[in-house]
Amino acid sequence: MADAALVEIFRRDRTVVGVALAIITAVTWTYLLWLSHEMASTSMGGNMPMSGMQGMDSMAAPAIRPWSLSDFAFVFVMWTIMMVGMMTPSAAPMILIYANVGRQAMQQGRPFPAVGWFTAGYLLAWTGFSLLATVSQWALTRAAMLTPGMQTASGLIGGLLLIAAGIYQWTPVKDICLKHCQSPLIFIQRHGGFRRDIAGSLSMGLRHGLYCVGCCWALMLLLFVGGVMNVLWIAALAMLVLIEKVGSSGRIFSRAVGVVLLLAGVWTILQ
């Protein structure tokens, strides 16, 4: 009786994990929508309710004041939440595979660490990217190269970012990273299968996350082109990444996107 109940619980874990990922995604996107609205209100003369957000408008505007430590921390948190919201949907297949394999291992009496450890490793990779993105935003702001909407003030820089992202879509590094992201089973086999200790599970999640960073970092930098808090632009890039990683013709799609980005970059520079 107890064994049957336990098996039933294990069968439900895929649904539980899926719902948890959906909730995480919904919460992060709700935060992004709220933050975008608050920033728009501030730019029109409204007031930010949180002291940590009062400097956001001046951080985006050129050379108004230097960033404080709290400004840096706020932007870092903003980027981290944004990356979680954008990348969790495309990571869901791999996380669900881990949950399924973990359930089978549990039934055989050889349990894996909780799926949260693997997911934490994956998100740790994007947290590292968020730190680099925050430093980049700080540098662009310090050089007066960002508008109040947190996008590049120079058409030349924006065009070069588009061209660089377009070229990267055709590189062998992009191919390798995208292949690991598109084919979770291949990733598992090439890295010796899932680990049965917490450190190993965390490390494997981190490794998978690094492949995804390698696949998508250039696309994420395009947030500086369309606006770091432009929710429609964020959603468009997130959908692009999802199609690229989950779609059956991801490589063809990826190269087609590269051509579009190249043309858009040239057009932006000429304008």
Taking r as the C-beta separation of VAL77 and ASN100 and R0 as 35 Å, the FRET efficiency to the nearest 0.05 is 0.60
Apply the Karplus curve 6.51 cos²θ - 1.76 cosθ + 1.60, θ = phi - 60°, to the phi angles in the range 251-266 and return the couplings in whole Hz, x for Gly and Pro. 5, 4, 4, 4, 6, 5, 4, x, 5, 4, 5, 4, 5, 5, x, 4
The answer for the range 126-271, accessible area per residue at 1.4 Å probe in Å², is 46
Between ALA22 and PHE253, what's the calculated FRET efficiency when r is the beta-carbon distance and R0 is 22 Å? Round to 0.05. 0.35
Most packed first (mean Cβ within 10 Å per residue), the peptides 230-242, 189-201 order as 230-242, 189-201
Under 5 Å from the placed amide H of LEU146, counting only residues 5+ away or on other chains, we find ALA153
Using r as the Cβ-Cβ distance of ARG207 and TRP267, and R0 as 35 Å, what FRET efficiency do you calculate, to the nearest 0.05? 0.40
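The values are calculated or read from the model by the stated rules, or taken from the named source; none is laboratory data. All values reported here derive from a predicted model rather than from experimental measurement. Every residue, glycine among them, receives a Cβ derived from its backbone with ideal geometry; neighbour counts consider all protein chains shown. Just the protein is used for accessible areas: all its heavy atoms, side chains included, with ligands, DNA and RNA removed. Shrake-Rupley method; radii C 1.70, N 1.55, O 1.52, S 1.80 Å.
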